Amino acid sequence: MLTYRCQNFGGCDAAQSNARVHASAGTVPLCAGCGLPLAPDRTARTRRPGRPRPMVVVAAAAVALATVLGFWAVRSAFTPAVEYSLIGMWHAEGTSILGYQLPVGVSLRFTERSAHLVDTEIPVVDYARDGSRVRVMLQSGAHTQVSLTFVFEDTDVMYFDGPLGLKFRYRRVRVGAPS
Ligand SMILES: [Zn+2]
């Protein structure tokens, strides 16, 4: 479609009022006011439909990117901080002392009330969380308590940082997960 207008200024009301007529390209319409052929309107924006301009594409991409970043920011703001928990079954992935790798150690299991180490069940007095560190207080004797601190790398990987560079690394065992 093209836009036409009458150029018969002074002799035609349609020209005076800048009336525009839309017609398909190839046919020159006649003015309804004066009957003279209309001229293409060069002030009208003529562009091919279905072909967005580069600037329009860039602007749309910017809006889409801003929308995605906005949703991401909102989601991050409302995602609660990860709360690490020792509760569950842990399999020792590796043990190292002073940087030397030792054979894979024993597995661990924690419940709310006890820690299971090999065949020993030790009562848990308390769990204390501090960021990515979880300290478990164990009742090792009638009047003796020991605390062990585990450092979480993520919710399923943690390590026990012992003395002399002793390091036990554990991975959570997913109950029912295929192994
Ligand atoms: Zn006219």
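Values quoted throughout were computed directly from the atomic coordinates according to the rules given, and no laboratory measurement underlies them. The shown structure was predicted, so the numbers you read here are calculated from the model rather than taken from an experiment. Cβ sites come from the backbone with ideal geometry, for glycine too, and all protein chains shown count toward neighbours.
A few points about this structure:
- Using a Förster distance of 41 Å, the FRET efficiency for Val173-Ala61 (Cβ separation, nearest 0.05): 0.35
- Compared with the direct C-alpha span, the chain from Arg113 to His143 gains 9.1 nm at full extension, assuming 0.36 nm per residue.
- With both labels modelled 7 Å from their Cα along Cα-to-Cβ, the Ala23 to Val68 distance reads 4.8 nm.
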